[in-house]
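Novice: Here it is, the structure, as structure tokens.
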Amino acid sequence: MRIEWTSYIQTNNELLDSQHKELFSRINRYFECAEHNHSPQDLIKTLNYLVEYVKIHFKTEDDIMTQMEYARQKEHRKSHRELTEKLVEIYKELIENGASDELHDKLAKLCQIWYVAHINDFDKRLAAFIKAYNKAHQSQI
């Protein structure tokens, strides 16, 4: 499996888009390792690499929402928590039970939710808010 960056999910916010591209890169790295039958330790390390970056990315968005007093930050943060919890569950399952087609399917489905629901809904709304905020406050983030 491979997920591709497309203009469909572009938020037109340089920071958010660059971090999303990095997330996609890390997701794809995991699936490449799985497809090439890397060792269980390599898969764990690669998925941990993704989990850690997810935390960095969500913190970036959370900090922006706090700084700008974004009205929808509560629901956006809830989505972050849910995505993180699901990703950590998959990570723990990988550690406890090893890789499996079922585990890879769970991660693929989570990526689809991320791709369609979170980025195209929550992050595009946040990017539009940032643009309007910056225009009103004559600053850039």
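The values are calculated or read from the model by the stated rules, or taken from the named source; none is laboratory data. Just so we're clear, the structure is a prediction, and the values are computed from it rather than from any experiment. Positions of Cβ are backbone-derived with ideal geometry, glycine not excepted, and every protein chain shown enters the neighbour counts. When the accessible area is computed, the model is the full protein with side chains, heavy atoms only, and any ligands, DNA or RNA have been set aside. Shrake-Rupley method; radii C 1.70, N 1.55, O 1.52, S 1.80 Å.
Novice: Given the options Glu93, Glu61, name the one that is open to solvent by 10 Å² or more (accessible area, probe 1.4 Å) and touching a helix residue (DSSP H, G or I) at 6+ places or on another chain (Cβ under 8 Å).
Specialist: Numbers: Glu61 fails: open to solvent by 10 Å² or more (accessible area, probe 1.4 Å).
Selected residue: Glu93, the only one of Glu93, Glu61 that is open to solvent by 10 Å² or more (accessible area, probe 1.4 Å) and touching a helix residue (DSSP H, G or I) at 6+ places or on another chain (Cβ under 8 Å).
Novice: Here's a check for you: in the stretch 27-58, which residue that is of a type in the set (Val, Ile, Thr) and more than 13 Å from the chain's Cα centre (by Cα) is surrounded by the most Cβ atoms within 10 Å (Cβ to Cβ)? Before you say what the answer is, go through the steps one by one.
Specialist: Here is the first cut: in the stretch 27-58, the ones of a type in the set (Val, Ile, Thr) are 27, 44, 46, 51, 54, 56.
Subset that is more than 13 Å from the chain's Cα centre (by Cα): 44, 46.
Values: Ile44: 17, Thr46: 20.
Here the residue is Thr46.
Novice: Restricting to the stretch 64-76, give me the number of residues that are in a helix (DSSP H, G or I), hydrophobic (A, V, I, L, M, F, W, C) and either open to solvent by 60 Å² or more (accessible area, probe 1.4 Å) or over 16 Å from His20 (Cα atoms) (or both). Outline the logic, then answer.
Specialist: The first filter runs over the stretch 64-76 and keeps only residues in a helix (DSSP H, G or I), leaving 64-67, 73-76.
Okay, now just the ones that are also hydrophobic (A, V, I, L, M, F, W, C), so 64-65.
Subsequent filtering for residues that are either open to solvent by 60 Å² or more (accessible area, probe 1.4 Å) or over 16 Å from His20 (Cα atoms) (or both) retains 65.
Selection size over the stretch 64-76: 1.
Novice: So, one more: When the stretch 96-141 is examined, which residues are found to be of a type outside the set (S, T, N, Q), over 20 Å from Arg29 (Cα atoms) and not in a helix (DSSP H, G or I)?
Specialist: Ile141
Novice: If you don't mind, there's one more thing I want to ask. Restricting attention to the stretch 1-24, report how many residues are closer than 14 Å to Asn120 by Cβ, open to solvent by less than 70 Å² (accessible area, probe 1.4 Å) and of a type in the set (Ser, Thr, Tyr).
Specialist: Here the count works out to 2.
Novice: Being in contact (Cβ under 8 Å) with a residue 40 or more places away in the chain and either among the charged types (D, E, K, R) or more than 21 Å from Asp42 (Cα to Cα) (or both) is the filter here; which residues of the stretch 74-111 pass it? It would help to see each step written out before you state the result.
Specialist: Keep residues of the stretch 74-111 that are in contact (Cβ under 8 Å) with a residue 40 or more places away in the chain, which gives 75-76, 79, 90-91, 94-95, 98-99, 104, 107-108, 111.
Once the filter is applied, which keeps residues that are in contact (Cβ under 8 Å) with a residue 40 or more places away in the chain and either among the charged types (D, E, K, R) or more than 21 Å from Asp42 (Cα to Cα) (or both), the stretch 74-111 yields Glu75, His76, Ser79.
Novice: Just wondering, is there one or more residues in the stretch 77-88 that are over 13 Å from the mean Cα position of the chain (by Cα), farther than 19 Å from Ser18 by Cα, surrounded by 12 or more Cβ atoms within 10 Å (Cβ to Cβ) and of a type outside the set (A, V, I, L, M)? If you could, list the steps in order and put the result at the bottom.
Specialist: Here is the first cut: in the stretch 77-88, the residues over 13 Å from the mean Cα position of the chain (by Cα) are 78.
So of that shortlist, the ones also farther than 19 Å from Ser18 by Cα come out as 78.
Filter once more, keeping what is surrounded by 12 or more Cβ atoms within 10 Å (Cβ to Cβ): none.
Checking the stretch 77-88: not a single residue is over 13 Å from the mean Cα position of the chain (by Cα), farther than 19 Å from Ser18 by Cα, surrounded by 12 or more Cβ atoms within 10 Å (Cβ to Cβ) and of a type outside the set (A, V, I, L, M).
Novice: Picking from Arg29, Arg81, which residue would you name as being part of a helix (DSSP H, G or I), basic (Lys, Arg) and farther than 26 Å from Phe129 by Cα?
Specialist: Values: Arg81 fails: farther than 26 Å from Phe129 by Cα.
Among Arg29, Arg81, only Arg29 is part of a helix (DSSP H, G or I), basic (Lys, Arg) and farther than 26 Å from Phe129 by Cα.
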